[in-house]
Amino acid sequence: MRRINNLTIIPLLVLIILTACHSSNPLKNDSGQTSSRKEIVLIKQLFANWQTQEIYANHFLPTDSCNPNWFTNHQTNESLNSKNDLIFGFPKDSTEYKFSFADLNNDNKLDGLVVFTPNQCDGGNASSWIQWQVFLLSGTDHFEIMDTLKVSNFSSTEFDSKGFYWLDRIEKNRIYGTYIEFTKDDGYCCPSINRPVTFDFMERKLINIGGNIDRK
């Protein structure tokens, strides 16, 4: 395993940017608007804290180190503990993070979903079809942050082993996304199978698969 020492903490600017990001679907209860805004700010702060912890854990490189030149000049005999043997960093642009808010776990409190495509620090485009999916779920006195929840485990359809799911947003007890699959004649840019899907979060099951959307 490569371990790169002296990693810097994610800049405070990232926290400020993430706090200012647009939320896709906050709870729309007039009497609870102030409370919802506070919950959104808290969820975004928790996500920024998660980013910092991921850098400390060597799962991601800090922003100032995530570029091919730095990476080439700092090769070691170890490797970062990252996905698919790729070296990732967090996107710099706040627009590359998609936030969604809703009461996902039916406890009358706001939960969050953040999805993003990581930067590939050593160059290349192998991470183009990798989506990080971070759930921030409210509890009695704390939030649980889950970045290993696999919605593919919610379903048992035969195409699960052929493709993958990209998530879009959450609503009350619902996760919405797209099932994506490349066929043998598809270019790397353009999978021909794109089917909208809906998951029941509490039941942990796939409840709807739509028809194919031609994105070519």
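The values are calculated or read from the model by the stated rules, or taken from the named source; none is laboratory data. Just so it is clear, the structure is predicted and the values come from calculations on it, not from any experiment. Counting neighbours? That spans all protein chains shown, and the Cβs are built from the backbone with ideal geometry, glycine included.
Below, the figures for the structure above:
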{"read-out": "When residues of segment 40-70 are limited to those that are farther than 23 Å from Met146 by Cβ and in a helix (DSSP H, G or I), the one nearest to the chain's Cα centre (by Cα)", "value": "Thr63"}
{"read-out": "Set Leu104, Leu113: member being assigned to a loop (DSSP other than H, G, I, E, B), at pLDDT 95 or above and under 18 Å from the mean Cα position of the chain (by Cα)", "value": "Leu104"}
{"read-out": "2 or more residues in contact (Cβ under 8 Å) with a residue 24 or more places away in the chain and not assigned by TED's automatic domain parsing to the domain that holds Glu96: qualifying strands (runs of 3 or more DSSP E) within segment 129-198", "value": "164-171, 174-181"}
{"read-out": "Residue match in segment 72-86 (condition: assigned to a loop (DSSP other than H, G, I, E, B), in the same structural domain as Ile43 (by TED's automatic domain parsing) and modelled with pLDDT of 80 or more)", "value": "no"}
{"read-out": "Matching residues in segment 185-201 - criterion: being out of contact with any helix residue (DSSP H, G or I) (no Cβ under 9 Å at 6 or more places or on another chain) and surrounded by 12 or more Cβ atoms within 10 Å (Cβ to Cβ)", "value": "Asp186, Pro191, Ser192, Asn194, Pro196, Thr198"}
